[in-house]
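This report concerns only the one structure given below.
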Protein chains: 2
Amino acid sequence: MPSTTRRAAAAIKTPAEPEGLPQPLPEPPVGDLRLETVLGALSDPLRLTIVRKLLLESEQFDHPCGWFGLDRPKSSLTHHFKALREAGVTRQRQYGLERRSQVRVDDLNERFPGLLDLVAAWMPEPQ
Amino acid sequence: MPSTTRRAAAAIKTPAEPEGLPQPLPEPPVGDLRLETVLGALSDPLRLTIVRKLLLESEQFDHPCGWFGLDRPKSSLTHHFKALREAGVTRQRQYGLERRSQVRVDDLNERFPGLLDLVAAWMPEPQ
DNA sequence: TTCTATGTACGAGTTTCATCGTACTGCATG
DNA sequence: CATGCAGTACGATGAAACTCGTACATAGAA
């Protein structure tokens, strides 16, 4: 098979980055973020857990998906991390084998001010 | 069949109201509102349209669902209005034949401050 | 090179949801 | 009483989405 194994998601482009970081994976540009899509991505307890943990405990940097300690099969986690990235909630970069995630705080605060505060204040349903 | 035709949705109770208004239909109490549920209810363009229109044009009162001018079959509208009410986003009261909706502004601002501002600022996707 | 660790791709099973046609209820009016 | 009207209830259909097993790809270390 050719080297173009990558499949392009519709209306998703890869932005450039100033630092020496790895290129982010394909993600929607800020201007294309849609409230209904972002809310849909956040309407799931597992994904809320991920985003909230990134917001509260990330210490200014991104994390591989093992860091979250989620008790789910790897393929399930891939699914949810991809959903968050494609909705524009997170940015993912490839560090060797690891694919680390961070919340697009600036982009989300610009487009949907206050939304991340609600996520940070969220608490999972008791039991 | 007996007069108890009403089916009780799980964990939904009917609160009391001070004024001479008709009783609201069953809805979750403020304390039971869940962020993930509310976001899920708002992650749909049609429902965002409904809530935004209520927020911006309601003139302090509630409206029957014909007022929205939505070009959908009646049974579809029933479905979406019920989804909004059961998520706790709207309150519905029966006025004779009409079932009118209003946004639970105070409840939502108490539990999820800023969320309704995002809905009010939302714009439907062009085209 | 082989082994391990991280994570993806694909596909199947299941569930949930959106959509909508049809039949029905209940009020109001002639 | 008959009709019209606002809206529900129910059921079917089709499309997403969640979950997860399995197989695969790749980087780094022994």
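At a glance:
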| item | result |
| --- | --- |
| Within segment B:6-45, tally of residues that are in a loop (DSSP other than H, G, I, E, B) and modelled with pLDDT of 50 or more | 12 |
| Answer from A:S75, A:S58 - the residue that is within 14 Å of DNA strand D (Cβ to nearest atom), among the hydroxyl-bearing types (S, T, Y), surrounded by fewer than 19 Cβ atoms within 10 Å (Cβ to Cβ) and at pLDDT below 95 | A:S75 |
| Output for segment B:99-112, where each listed residue is out of contact with any Leu (no Cβ under 8 Å at 6 or more places or on another chain) and either within 11 Å of chain A (Cβ to nearest Cβ) or touching a residue at least 12 places away in the same chain (Cβ under 8 Å) (or both) | B:R100, B:R104, B:E110 |
| Residues of segment B:91-106 that turn out to be more than 11 Å from DNA strand D (Cβ to nearest atom), out of contact with any Lys or Arg (no Cβ under 6 Å at 6 or more places or on another chain) and assigned to a strand (DSSP E or B), as a count | 1 |
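The values are calculated or read from the model by the stated rules, or taken from the named source; none is laboratory data. All values derive from a computational prediction rather than experimental measurement. Cβ sites come from the backbone with ideal geometry, for glycine too, and all protein chains shown count toward neighbours.
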